1. Modelled label-to-label distance, SER118 and ASP303, 7 Å Cα→beta-carbon offset: nm?
2. First measure r as the distance between the Cβ atoms of THR188 and ASP62, then evaluate 1/(1 + (r/R0)^6) with R0 = 45 Å and state the FRET efficiency to the nearest 0.05.
3. Rounded to the nearest 5, what is the percent of antiparallel bridges among the DSSP beta bridges in the range 78-230?
4. Filter LYS99/LYS204; LYS204/LYS310; LYS56/LYS273; LYS65/LYS204; LYS65/LYS254; LYS261/LYS310 down to the pairs with a C-alpha to C-alpha distance above 20 Å, please.
5. Based on the Cβ-Cβ distance of GLN91 and THR49, what FRET efficiency does E = 1/(1 + (r/R0)^6) give at R0 = 35 Å, to the nearest 0.05?
6. Got the relative contact order for the chain handy, in percent, Cα pairs under 8 Å and 6 or more residues apart?
7. Let's test the formula: R0 of 51 Å, r as the Cβ-Cβ distance of GLU271 and TYR138. What FRET efficiency results, to the nearest 0.05?
8. How far apart, in nm, are the 7 Å Cα→Cβ label points at LEU218 and ASN201?
Amino acid sequence: MRNKKNYHKRKLRRGRILLFLAAVLLIFCLLLKVPALFSESIGEDTFRTFSLYRTKEIASDDIHKGELILVNASWPYSFPNEDETVPIASQKNDSWRVKDDVIRLLPVTIRQMNRMFSACERKTGIDNISVISAYRDYAYQDGLFNDRVNSDGYYEAIRWVAVPGYSEHHTGYAADLAVADDEGNTSTFTGEDDYGWVEENAWKYGFIRRYPSDKTSLTGIANEPWHYRYVGKPHAYIMHTTGMCLEEYEEYVKSYRFGEKYIDLNIHGDEYKIYYIPASDAETTEIRVPLFGSYTVSGNNTDGFIVTEKD
């Protein structure tokens, strides 16, 4: 009987020791993680031979889809068979405004604008930022462009308005902002004073200021502090931190090919791997994606795909 009691005591003691060791190990791991929660870094690393990836086949034409597609004077937008945009008014929250019930964006863009402008209102008290232009079909862009040509001439028009078929507004990821008064009248969004919060923090919600004044030779568009584009948080962070515009970023990512090296990104504990895979000349392209964990794949609208892993 005594031996049986001693056995149970020893078993209980071992259990407590194991529980204590597990708690120590957990605390140790958390302590290792704490610095990463406050750090940010953009680096690179090489692929390991033992990394676990699987092959996924996607249509090569999908290079024209995704939040990282480049649309400019050299690369036209490829219109899908179905329009997936939705009216902003039906999905927005009360922290921002929209000019009318007709203006549309992709759902992901609206969701992230809800988050961004809610944060903006909490931090600054501002709730009168309004979207005055967003998704445009070909005919609408054609009308805008021709009106500008008629009023200012062709060469001045192309500084401010994209040629039909070559506008970011076709994508559903881009929007023009303005400042609205209580009567619904709007004035130009310049990003000054408290409104500067948007440019400083937009990357946290996946947005970039698409046409800055010092990148006009690359973007082909004059300075537009009101034009914002959704690209996803990790990519927006890199562009915001390095000062790259989208044209520069697309070329930058191409140097990180799968199997060779990848962008190693840490944003306050969120870790990302970003790499490029060229599109095949065949109908489908083999994409290498992680066996475990989450990832996204976006075309770049030119020649390949950008894979973003999140650990």
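Derivation of every value follows stated rules applied to the coordinates shown; laboratory data play no part. This one's a predicted model, so the numbers in the text were calculated from it and none came from an experiment. Cβ placement follows ideal geometry from the backbone for every residue including glycine, while neighbour counts extend to all protein chains displayed.
1. Using points 7 Å along Cα→Cβ, the separation is 4.2 nm.
2. On the way: r = 37 Å, r/R0 = 0.82.
For THR188 and ASP62, the calculated efficiency is 0.75.
3. Numbers: 16 of 18 bridges.
Antiparallel: roughly 90 percent of the beta bridges in the range 78-230.
4. As for pairs spanning more than 20 Å Cα to Cα, those are LYS99/LYS204; LYS65/LYS204.
5. Values: r = 46 Å, r/R0 = 1.31.
In this case the efficiency is close to 0.15.
6. Working: 556 pairs, mean separation 80.3, N = 311.
Relative CO of the chain lands at 26 percent.
7. Numbers: r = 40 Å, r/R0 = 0.79.
Step by step, r from the Cβ atoms, then E = 0.80.
8. 2.7 nm
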